[in-house]
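K.L.:
Handing you this structure, nothing more for now.
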Amino acid sequence: MCLTENRNYFILRGRKAGEEIAMIKNLKGIHETVSYRDNTNVLVHDNHAYEEYPPHWHTAIEIILPLENEYFVEYNGNSCRLSEGDIIFICPGVLHRLPAVQGRRCIFQAELASVSSIKGVDSVLTFFSPALLLTKETFPDIYEEIRQMLLEIAEEYRQQPPLYEAAFYSRLLRILTLIARNRNHTQTHFHASQGKQQEYIEKFMNICSYISDHCTENLTLDMVADLSGFSKYHFTRLFKQFTNVSFYKYLNQKRMLRAEQLLVDPSASITDVAFSCGFSSLSAFVRMFKLMKGCTPSEFRGLHRA
């Protein structure tokens, strides 16, 4: 079956052609619990509904590929117009809204917990945050390969051959690697010579991995800057250039991801979660959680149970 020649591609198993399935099934407040197939953490949705999807966030990465007509995505106060064929990557935990638009798009969602432990994967997402638009013009060397891999993912998801989830993640890792390497070569992160550029990129990828591994500890800007070998002022400037966020915002993002995982366990008290994620007090944890997620830890736990 050729995906580019069949108008009925991406039809999910068990549904009739032309029958639309609700894309967001579990939305409580602004938190979506993605409805994956049984025993999987991936979803591919063939979406052609003229329907608005209100502001929401989820723990999955989301990739949107318009197949027919343009599409619009609003995220973190930004508005992005996608032409047919453009691809947008939305990071986990990012609040976004999809206005009602006529057309057809393929929407991919996947949990990254199973691959985030691979060295470098976590820091690659810093290139995306909060979202990345990939087009023929912005990434001409890799666009077509990535688009084709997404079509292959969708076809595997439709057919459900053995290990189709493994095939999904293998292609997703390839996509992340292509973007990270291409971005390193095409965009200037640091005002330095080519040799220093590569040295700084490697160093800050390692720093990001270190922060992810030790985010529950009492990390400070002075401590991490000292480990990096830069002065605090120099480190602050370079870290912001590399990640597009400040050191403390990046640290809190990693702590929030850890907190989300712990809050799923109903036996863990919210106070215990706060201290185990590196916060000095329960009030500081609740305040930061509300600021970054739009709900309290208790509300998040209730939404997850729902």
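The values are calculated or read from the model by the stated rules, or taken from the named source; none is laboratory data. Since the structure is predicted, the reported quantities are computational estimates derived from the model, not experimental observations. Note that each Cβ is placed from the backbone with ideal geometry, even for glycine, and that neighbours are counted across all protein chains shown.
K.L.:
Being at pLDDT 90 or above and among the aromatic types (Phe, Trp, Tyr), is that true of even one residue in the range 168-186?
P.N.:
Yes, the conditions are met somewhere in the range 168-186.
K.L.:
Also, quick follow-up: Filter the range 6-49 down to the residues that are more than 20 Å from the chain's Cα centre (by Cα), among the charged types (D, E, K, R) and either modelled with pLDDT of 80 or more or not assigned by TED's automatic domain parsing to the domain that holds Leu95 (or both) and list them by number.
P.N.:
Within the range 6-49, Asp38 is the sole residue that qualifies.
K.L.:
Scan the range 254-296 residue by residue and report those that are touching a strand residue (DSSP E or B) at 6+ places or on another chain (Cβ under 9 Å) and either hydroxyl-bearing (Ser, Thr, Tyr) or in a loop (DSSP other than H, G, I, E, B) (or both). Even if it seems obvious, please write down each step before you answer.
P.N.:
The initial filter retains those residues of the range 254-296 that are touching a strand residue (DSSP E or B) at 6+ places or on another chain (Cβ under 9 Å), namely 293-295.
Within the range 254-296, Gly294, Cys295 qualify.
K.L.:
On to the next question. Answer yes if at least one residue in the range 63-79 is touching a Leu at 6+ places or on another chain (Cβ under 9 Å), part of a strand (DSSP E or B), of a type outside the set (Asp, Glu) and modelled with pLDDT under 95, and no otherwise.
P.N.:
Checked the range 63-79: at least one residue is touching a Leu at 6+ places or on another chain (Cβ under 9 Å), part of a strand (DSSP E or B), of a type outside the set (Asp, Glu) and modelled with pLDDT under 95.
K.L.:
Hey, can you tell me all the residues within the range 129-146 that are touching a residue at least 40 places away in the same chain (Cβ under 8 Å) and either under 22 Å from Lys203 (Cβ atoms) or not in a helix (DSSP H, G or I) (or both)?
P.N.:
Matches in the range 129-146: Ser129, Pro130, Ala131, Leu132, Leu133, Leu134, Thr135, Lys136, Phe139, Asp141, Ile142.
K.L.:
Does the range 147-160 contain any residue that is closer than 20 Å to Leu43 by Cβ and in a loop (DSSP other than H, G, I, E, B)?
P.N.:
Scanning the range 147-160 turns up at least one residue that is closer than 20 Å to Leu43 by Cβ and in a loop (DSSP other than H, G, I, E, B).
K.L.:
Which one is surrounded by the fewest Cβ atoms within 10 Å (Cβ to Cβ) among residues in the range 255-271 that are more than 18 Å from Pro92 (Cα to Cα) and hydrophobic (A, V, I, L, M, F, W, C)? Walk me through how you get there before you give the answer.
P.N.:
In the first step, residues of the range 255-271 are kept if they are more than 18 Å from Pro92 (Cα to Cα); the result is 265-271.
Within this subset, residues satisfying the condition of being hydrophobic (A, V, I, L, M, F, W, C) are 268, 270.
Working: Ala268: 13, Ile270: 18.
Restricting to residues being more than 18 Å from Pro92 (Cα to Cα) and hydrophobic (A, V, I, L, M, F, W, C), the top hit is Ala268.
K.L.:
Restricting attention to the range 80-91, report how many residues are surrounded by 15 or more Cβ atoms within 10 Å (Cβ to Cβ) and either outside the structural domain of Glu137 (by TED's automatic domain parsing) or part of a strand (DSSP E or B) (or both).
P.N.:
Adding up the residues that qualify gives 6.
K.L.:
Moving to a separate point now. Inspect the range 279-299 for any residue being among the charged types (D, E, K, R), exposed (fewer than 14 other Cβ atoms within 10 Å of the Cβ) and within 22 Å of Leu27 (Cα to Cα) and give the result as yes or no. I'd like the intermediate steps shown before the answer.
P.N.:
First, pick out the residues of the range 279-299 that are among the charged types (D, E, K, R): 287, 290, 293, 299.
From what's left, exposed (fewer than 14 other Cβ atoms within 10 Å of the Cβ): 287.
If we keep only those that are within 22 Å of Leu27 (Cα to Cα) too, we end up with none.
No, the range 279-299 has no match at all.
K.L.:
Among the listed residues Tyr233, Tyr250, which satisfies the condition of being farther than 20 Å from Ser114 by Cα and in contact (Cβ under 8 Å) with a residue 40 or more places away in the chain?
P.N.:
Details: Tyr233 fails: in contact (Cβ under 8 Å) with a residue 40 or more places away in the chain.
Going through Tyr233, Tyr250 in turn, the sole match is Tyr250.
K.L.:
Follow-up. Filter the range 106-163 for residues that are closer than 19 Å to Ile61 by Cα and among the β-branched types (Val, Ile, Thr) and give the result.
P.N.:
Matches in the range 106-163: Ile107, Val115, Ile118, Val121, Val124, Thr126, Thr135, Ile146, Ile153.
K.L.:
As an exercise: evaluate Val94 against (1) surrounded by 15 or more Cβ atoms within 10 Å (Cβ to Cβ); (2) touching a residue at least 40 places away in the same chain (Cβ under 8 Å); (3) assigned to a loop (DSSP other than H, G, I, E, B) and give the number of the one condition it does not meet.
P.N.:
(2)
K.L.:
Give the residue, chosen from Gly294, Gly229, that is farther than 20 Å from Asp122 by Cα and at pLDDT 90 or above.
P.N.:
On the way: Gly294 fails: at pLDDT 90 or above.
The conditions single out Gly229.
K.L.:
Pull up the range 211-230, narrow it to residues that are part of a helix (DSSP H, G or I), aliphatic (A, V, I, L, M) and touching a residue at least 24 places away in the same chain (Cβ under 8 Å), then point me to the one that is surrounded by the most Cβ atoms within 10 Å (Cβ to Cβ).
P.N.:
Start the filter on the range 211-230 by keeping residues that are part of a helix (DSSP H, G or I), which leaves 211-214, 221-228.
The next check asks that each one be aliphatic (A, V, I, L, M); those that pass are 211, 221, 223-225, 227.
Subsequent filtering for residues that are touching a residue at least 24 places away in the same chain (Cβ under 8 Å) retains 211, 221.
On the way: Ile211: 22, Leu221: 15.
Checking each candidate, the answer is Ile211.
K.L.:
Follow-up question, since we're still on this one. Run Ala274 past the list (1) buried (at least 18 other Cβ atoms within 10 Å of the Cβ); (2) under 20 Å from the mean Cα position of the chain (by Cα) and report the number of the one that doesn't hold.
P.N.:
If we test Ala274 against (1) buried (at least 18 other Cβ atoms within 10 Å of the Cβ); (2) under 20 Å from the mean Cα position of the chain (by Cα), just (2) comes out false.
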